[in-house]
Amino acid sequence: MLGTEKMTTTPAADGTVAKALVVLDLVAAHARPVRFSDLLDQSPYPKATLYRLLQTLVAQGMLSFDAAAGSYTLGMRLVRLAHVAWQQSSLAPIARPHLDRLSAEVGETVHLAQLDNAQVLYVDKRNARNPVRMYSQAGKVGPAYCTGVGKAMLAFLPDAQLPGILAQQSWHPFTERTVTSPQALRAELARIRTRGYAFDDEEHEPGIICIAAPILSSRGSVLGALSVTSTTARTDLTTLAGLAPMLADIATTIAAETENWRFPEADTECHSKQD
């Protein structure tokens, strides 16, 4: 498993709510209880401002404070909100049975992901029959430019949106195969659009390969992506490419069910207007 990802910096925040969200991001980034002094070292705010924001977040249940240890963790109110957001905004609840079926059929690791600003958010995962240690876990954020699911989504973004997304990539060389420039990635994204699916050829982690398909709405909007991931010790990209039709079918099904769930009134309204 790789170490901490080199992610883009948090944008400047001016309002109180925006500043509080930056503080929540700082606490979450540690993935463990964190002390005030550690947060202050990374905070863009003065000591007094940071302390005030922390106190407010604790009072609102968004953070928990352990007085004995002098440390902060994400609060249970935030956990409840995250759970509701997972149910309402992520593809995971809708995709669950399809991921189960795909996992049972291929026996390899299956990922479901969505774009979170300019990065990849893994929203669900099924382990292989013989699990392999890798970076990805549900709830983790990863780079978009060197993961299969990330490239599958980037390839189908509107032309006007892509430059801003690419500008936020770190271009960190995780392996010898990592694409480290916008120009090289754009060429790869063109090939992905043509064939309809993406590969991760040991670009994020040595020995880890995958095939990924975008989940697109009926209008071509990017909803997410799913992938089948394995290792170079078990298979190769040519073999994984044979799964492309299955991935495409499942992606289409998830997209259709997502649209029906999110916009159930759309068809009724259209018929009413036509009548």
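The values are calculated or read from the model by the stated rules, or taken from the named source; none is laboratory data. Note that the coordinates shown come from a computational prediction; the quantities given were computed from them, not determined experimentally. Please note: Cβ atoms are built from the backbone with ideal geometry, for glycine as well, and neighbour counts cover all protein chains shown.
Numbers at a glance
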item	result
Members of the stretch 134-151 that are touching a residue at least 40 places away in the same chain (Cβ under 8 Å) and closer than 15 Å to CYS210 by Cβ	MET134, TYR135, SER136, GLY142, PRO143, TYR145, CYS146, THR147, GLY148, VAL149, GLY150, LYS151
Residue pairs meeting the criteria (Cβ under 9 Å; at least 6 apart or on separate chains; first within 12 Å of PRO206 (Cα to Cα), in the stretch 167-179; second in a loop (DSSP other than H, G, I, E, B) and of a type in the set (S, T, N, Q))	PRO173/THR180
The stretch 109-132, residues that are in a strand (DSSP E or B) and more than 11 Å from the chain's Cα centre (by Cα)	THR109, VAL110, LYS125, ARG126
Any hit, the stretch 149-159, residues being within 18 Å of ILE250 (Cβ to Cβ), in the same structural domain as ALA233 (by TED's automatic domain parsing) and among the acidic types (Asp, Glu)	no
Enumeration of residues in the stretch 37-62 that are surrounded by fewer than 17 Cβ atoms within 10 Å (Cβ to Cβ) and among the small types (Gly, Ala, Ser)	SER37, ALA48, ALA59, GLY61
LYS19 exposed (fewer than 13 other Cβ atoms within 10 Å of the Cβ), at pLDDT 90 or above and among the basic types (Lys, Arg)	no
Hits in the stretch 133-149 (condition: closer than 19 Å to GLY107 by Cα and assigned to a loop (DSSP other than H, G, I, E, B))	ARG133, MET134, TYR135, SER136, GLN137, ALA138
Tally of residues being of a type outside the set (Ser, Thr, Tyr), in a loop (DSSP other than H, G, I, E, B) and surrounded by 19 or more Cβ atoms within 10 Å (Cβ to Cβ) across the stretch 187-219	4
Only one of ARG96, ARG80 that is more than 21 Å from GLU203 (Cβ to Cβ) and free of Cβ contacts under 8 Å to residues at least 24 places away in the same chain	ARG80
Subset of the stretch 101-141 that is aliphatic (A, V, I, L, M) and in contact with a Leu (Cβ under 6 Å, 6 or more places away or on another chain) - its residue that is surrounded by the fewest Cβ atoms within 10 Å (Cβ to Cβ)	VAL141
